[in-house]
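Below is one structure, written out as structure tokens; comments come after it.
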């Protein structure tokens, strides 16, 4: 194992020379952020059990730089909503989202979080995008761990390519305003 | 309630902290809210609030034909979904008075015991995690993947299996499934012994779990406990023995019981049940009778998929069955199976319509979780967390 | 000795006489329909009787029959004698206009949440219940969703257009 080459992420486009490498700040920051995401697992039901499998030895999400789960929303980058969100739970979810610091991303894992799934009932919120903005949706009921990992890599792509000014733009402010977030 | 509770109150010159544990908290493994009144580290009083993932299963079941209820049962106790599926199918079979071949019953026993192992693995390894022992968790979750491989081979899904049919199975065990099962029976005991040796006699673990959240047998009965939690308190009630279903009377197995009803006893009862389940699976495999893997109930057992794709008759029947257009007898049935957490009962009232008139799930979690505030009274906060994880409260089953 | 359904019925009838309205045995499970005003007495008789020892409350749930005028709402208990291993089902019917019945919590503390759930779903008022409030749904819900007249679907969905389904 020891003489195996470590697996490095690809460097962004830039100018390399003798002892220096120049790229844009956006890309350098994106690279760092994408490979050290701190997810906040907001696991409510079945998908949470598949997430446990994703975190455990067999699938090991740590390989993608998301080893450290942040159970405190204050330090988390990525809110992973896994499972049914009932209407009773919706204000809690929104509060957790509000407690997260920018930049923050949200992934809706599973049919229930994405759209309410098979539970088109009086008590279930029909998709978390009714209360908070969502970046990536993962289908499945529940999704396999591979699918959850796929969702995380999609988030990594987003994080990598996000311009630094996006969170200050008018579009983003309008998006938040449409959810009633100042 | 959220954010609205005071941080402390003063009563008779003493200051108590009000601590809001949940609804989303890393240590609760699910969404339950507990508002605790604490004197330092000791819990004086607490109030549990649930319903944060109430999904209205019982209302849905009144609007869906029987086959469409099976996916709902998956999502009750999702750690042991096949038990719920089979329990539901057996309930309907009882209603339509179907005669089930022995082979089907033995196959069901094998799958239900595998599911029980998977359920207990999650619970026990998570007790380990909550005491700070993450290693056992990673060992056992690797083993659990092997159970899921078997489920996947049998029905195509891992967690929410939707397995089986009313009257039997969609297909017989494939050679690969048998091979996987054999490998599992060979390799799992070794892995499991490793896990047991990590925790069962571990001084640090014992210090954390012995006498944490004890319950007396009388109180357990009063609160209608069932399953491992009741047995840990010393009452030997197990549905598999009290009212054998699916040929459980053919197998030799022991019902482990505890003495103190504390976290350690609950842990050890589950440990022993895993061993007993392995023995049941071995017996069922060794004595597996020949015969069909489905019962003769053409009005409820879906026709084989190849026929559905190629034959008109089969397609029509498939459609009729799935849409609930076949005749259902009137009647009311209560059928209980021993789920991962205890007596999982289905109370089905049928008025002959295409869906159940009323379907009530007796959900063991919901019933025993109400004793939780009583159980943690006077204990430390860290013990309360352990008590919760050793009771194996599954949010899906709790809130239905 | 053998606890046949006849024997148990005989014991109960000897005690309660004409308050026992109806006895049936669907799928061999003794089902007794009794007047709603004796529910606590009947359950505590079964529990405390030294012979029967029905010490375990398996389940308690509600049911709604809108057509049965005057007794629309039912409360159904499943009890289990763990000592002699037999089950018994009790049914009590009450009018929808005044859905009220005495609480079983003094007899079985485990009935607490089961009754709260039944209240939540059907609006049955369990008199003497220590903490009768909704357990699963949000506190400010205005109706009891399991009653047959209320719809299953979420009313806020806009994407369910019947024209998509040719209706």
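Side notes on the structure shown:
- Annotation: residue B:163 fulfils all but one of (1) in a helix (DSSP H, G or I); (2) within 20 Å of the chain's Cα centre (by Cα); (3) crowded, with 22+ Cβ neighbours inside 10 Å; the unmet one is (1).
- Looking across the stretch B:105-145, the residues that are under 24 Å from residue B:163 (Cα atoms) and within 12 Å of another protein chain (Cβ to nearest Cβ) come down to B:118, B:119, B:121, B:122, B:123, B:140, B:141, B:142, B:143, B:144, B:145.
- Residue in the stretch A:81-102 that is farthest from residue A:150 (Cα to Cα), counting only those that are touching a helix residue (DSSP H, G or I) at 6+ places or on another chain (Cβ under 7 Å) and within 12 Å of chain B (Cβ to nearest Cβ): A:99
- In this structure, residue B:140 qualifies as outside any loop (DSSP other than H, G, I, E, B) and touching a residue at least 24 places away in the same chain (Cβ under 8 Å).
- When the stretch B:35-61 is filtered for residues that are touching a residue at least 40 places away in the same chain (Cβ under 8 Å) and within 23 Å of the chain's Cα centre (by Cα), the ones remaining, listed by number, are B:48, B:49, B:50, B:51, B:52, B:53, B:54, B:55, B:56, B:57, B:58, B:61.
- Restricting the stretch C:126-146 to residues that are closer than 21 Å to residue B:366 by Cβ, within 16 Å of the chain's Cα centre (by Cα) and more than 8 Å from chain B (Cβ to nearest Cβ), the residue that is surrounded by the most Cβ atoms within 10 Å (Cβ to Cβ): C:126
- Counted residues, the stretch C:24-56 - those being within 14 Å of chain B (Cβ to nearest Cβ) and in contact with a helix residue (DSSP H, G or I) (Cβ under 7 Å, 6 or more places away or on another chain): 7
- Selected residue (only one of C:105, C:75 is more than 10 Å from every other protein chain (Cβ to nearest Cβ), more than 21 Å from residue B:358 (Cβ to Cβ) and in contact (Cβ under 8 Å) with a residue 24 or more places away in the chain): C:105
- Output for the stretch A:143-172, where each listed residue is surrounded by 13 or more Cβ atoms within 10 Å (Cβ to Cβ) and either under 25 Å from residue A:90 (Cβ atoms) or out of contact with any helix residue (DSSP H, G or I) (no Cβ under 8 Å at 6 or more places or on another chain) (or both): A:143, A:147, A:148, A:150, A:151, A:152, A:154, A:155, A:158, A:167, A:172
- Total residues in the stretch B:227-263, condition more than 14 Å from chain C (Cβ to nearest Cβ), crowded, with 24+ Cβ neighbours inside 10 Å and assigned to a helix (DSSP H, G or I): 3
- Checked against (1) surrounded by fewer than 24 Cβ atoms within 10 Å (Cβ to Cβ); (2) within 10 Å of chain A (Cβ to nearest Cβ); (3) in contact (Cβ under 8 Å) with a residue 60 or more places away in the chain, residue B:152 meets all criteria but (3).
- Lone unmet requirement of (1) within 11 Å of chain B (Cβ to nearest Cβ); (2) within 22 Å of residue C:9 (Cβ to Cβ); (3) assigned to a strand (DSSP E or B); (4) in contact with a helix residue (DSSP H, G or I) (Cβ under 6 Å, 6 or more places away or on another chain) for residue C:62: (2)
Table: residues versus (1) within 19 Å of residue B:332 (Cβ to Cβ); (2) in contact with a strand residue (DSSP E or B) (Cβ under 7 Å, 6 or more places away or on another chain).
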position	(1), (2)
C:13	no, yes
C:17	no, no
C:23	yes, yes
C:30	yes, yes
C:34	yes, yes
C:40	no, yes
C:46	no, yes
C:52	no, yes
C:60	yes, yes
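- Taken over the stretch B:22-62, the criterion of being within 11 Å of chain A (Cβ to nearest Cβ) and on the phi > 0 side of the Ramachandran plot is satisfied by B:22, B:29, B:30, B:51, B:56.
- Some residue of the stretch B:14-21 being within 14 Å of chain A (Cβ to nearest Cβ) and within 27 Å of residue B:390 (Cα to Cα): yes
Every number here is computed from the coordinates shown, using simple stated rules; none is lab data. Treat the numbers as computed from the prediction; the structure is a model and nothing was measured. All Cβ positions, even for glycine, are placed from backbone atoms using ideal geometry, and neighbour counts span all protein chains on display.
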